[in-house]
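Structure first, commentary second.
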Amino acid sequence: MGLEMRVFLVLAMAICLPSAAYAAEGTATFYTPPYVPSSCNGYQNDGVMIAAASDAIWGNRAACGRSYRVTCIGATNQGVPKPCKGTSVVVKIVDYCPPGCRGTIDLSQEAFTVIANPDAGKIKISYTQV
């Protein structure tokens with residue numbers, strides 16, 4: 001491999017890695033069906049890998065349609081000390097979780113169950129827009 005190609009690869013990695021390394025942290029809760037109507041799409045069925053955004057990411061509806069990769073990183077209470085399943089889930093924002101929302105992202109019950117034990121109710125998460 002030529003020197004120019006090696007320099008290009010190193011620069012490309014340096015540019016791409018920081019964006020992947022900075023996940024935001026917050027908390028997640030879950031809500032149960034029915035999932036319609038939603039604030040973003042009314043009565044459109046968006047499936048079950050969906051979420052509602054709190055004011056932290058809502059941005060006056062700017063979050064509608066965005067996808068986030070959400071990963072459980074820990075417990076928020078002693079009830080379920082190790083709730084995480086070691087997986088991530090990608091969800092689409094379709095709704096708003098109004099002031100008083102208990103989490104940064106309110107996941108559908110199905111999405112929450114992919115990453116954590118639902119008995120926990122609320123978990124610590126990392127999330128990145130994808």
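The values are calculated or read from the model by the stated rules, or taken from the named source; none is laboratory data. It should be emphasised that the depicted structure is a prediction, and the values quoted were computed from it without experimental measurement. Positions of Cβ are generated from backbone atoms using ideal geometry, with glycine treated the same way; all protein chains shown enter the neighbour counts. With ligands, DNA and RNA removed, areas are computed over all heavy atoms of the protein, side chains included. Shrake-Rupley method; radii C 1.70, N 1.55, O 1.52, S 1.80 Å.
Among the residues of region 50-73, those identified as of a type outside the set (D, E, K, R) and either touching a Pro at 6+ places or on another chain (Cβ under 8 Å) or touching a residue at least 60 places away in the same chain (Cβ under 8 Å) (or both) are 50, 51, 67, 68, 72. Residue-level analysis places residue 60 among those that are open to solvent by 40 Å² or more (accessible area, probe 1.4 Å), under 20 Å from residue 101 (Cα atoms) and not in a helix (DSSP H, G or I). Just so you know, in region 116-130 the residues that are part of a strand (DSSP E or B) and either among the polar types (S, T, N, Q) or without any contact (Cβ under 8 Å) to a residue 12 or more places away in the chain (or both) include one that is most open to solvent (accessible area, probe 1.4 Å), and it is 129. Considering only region 41-49, I want to know if a residue exists there that is free of Cβ contacts under 8 Å to residues at least 12 places away in the same chain and not in a loop (DSSP other than H, G, I, E, B). Yes, there is a match, as at least one residue in region 41-49 is free of Cβ contacts under 8 Å to residues at least 12 places away in the same chain and not in a loop (DSSP other than H, G, I, E, B). Look at region 13-36: where a residue is surrounded by 10 or more Cβ atoms within 10 Å (Cβ to Cβ) and a partner is at pLDDT below 95 and not in a loop (DSSP other than H, G, I, E, B), sitting 6+ places away or on another chain with Cβ atoms under 8 Å, you get 26/56.
Cβ separations smaller than 7 Å between residues 6+ apart or across chains give the following pairs from region 77-95 residues that are of a type in the set (Gly, Ala, Ser) to residues that are assigned to a strand (DSSP E or B) and open to solvent by 60 Å² or more (accessible area, probe 1.4 Å): 88/69.
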